[in-house]
Amino acid sequence: MITVYANRYFLLTPVKSKRWKRFKTPVYVLNYLWVCIHMIPFIFMIPEQKEAVEFILQKVPCFPYYAGDTPMFVFALDPFPITANVVAVFSIQVTIMVILVVLTIVALYNHAHELSTSRHTLSLHKKFLAAMLIQTGLPVVVLMIPLLYMAYTIPTGYHNQGKGQACGVLGFPSAASHDTLSA
């Protein structure tokens with residue numbers, strides 16, 4: 001999404017900086033690589049499954065009786081490093097996205113105050129701005145709810161199966177289908 005917002009900004013502004021052109025490709029490549037590989041170290045931290053499943057069954061207070069017969073995979077016994085990593089990646093991505101949106105809004109505002117701007121162009125700017133804010137706000141809010149819930153429950157040890165599933169149903173499928181729905 002950062003690439004989309006960066007391209008929008010640089011298409012709408014007359015910035016033709018040679019410095020940006022030189023750094024644009026490495027920045028995009030690093031962004032894509034970082035998002036793809038930030039979870040790889042945790043693959044090597046997966047616990048021995050037999051002991052991990054026993055530990056989880058003892059730790060979770062309201063584990064359903066019927067779930068004991070189904071196979072279970074435990075990704076981590078300590079969810080804090082993984083959650084901190086996901087929150088950090090999410091925060092950095094959202095911060096960069098918000099900066100680009102603000103820069104685009106400022107560029108549209110400055111362009112709107114030029115004397116040669118027609119009413120039709122101003123109307124298109126307003127529609128574009130509304131669509132961009134919705135497209136930015138929806139994934140941020142949808143992803144923020146499960147992350148805030150995890151940020152609360154993991155350090156406190158609070159467990160509520162219903163609320164956890166509600167956050168999962170609200171957040172992650174919506175985030176997975178965001179690109180499909182916004183196309």
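Points to keep in mind about this one:
- Note on segment 114-161: among residues that are among the β-branched types (V, I, T) and under 15 Å from T104 (Cβ atoms), the one that is modelled with the lowest pLDDT is T136.
- When restricted to residues that are assigned to a helix (DSSP H, G or I), farther than 18 Å from F10 by Cβ and of a type in the set (A, V, I, L, M, F, W, C), segment 107-121 contains 1.
- Of all residues in segment 96-134, exactly one satisfies the criterion of being under 12 Å from Y5 (Cβ atoms) and polar (S, T, N, Q), namely T104.
- Among residues of segment 27-41 being in contact with a helix residue (DSSP H, G or I) (Cβ under 9 Å, 6 or more places away or on another chain) and assigned to a helix (DSSP H, G or I), the one that is farthest from I92 (Cα to Cα) is P41.
- For segment 21-48, a tally of residues being within 13 Å of F75 (Cβ to Cβ) and charged (D, E, K, R) returns 1.
- When segment 1-51 is filtered for residues that are of a type in the set (D, E, K, R) and at pLDDT 85 or above, the ones remaining, listed by number, are E48, K50, E51.
- Residues within segment 149-168 that are under 15 Å from A84 (Cα atoms) and either touching a helix residue (DSSP H, G or I) at 6+ places or on another chain (Cβ under 8 Å) or not aromatic (F, W, Y) (or both), tallied: 7
The values are calculated or read from the model by the stated rules, or taken from the named source; none is laboratory data. In this text, all values refer to a predicted model and were calculated from it rather than measured experimentally. Glycine gets a Cβ as well: all are built from the backbone with ideal geometry, and neighbour counts include every protein chain shown.
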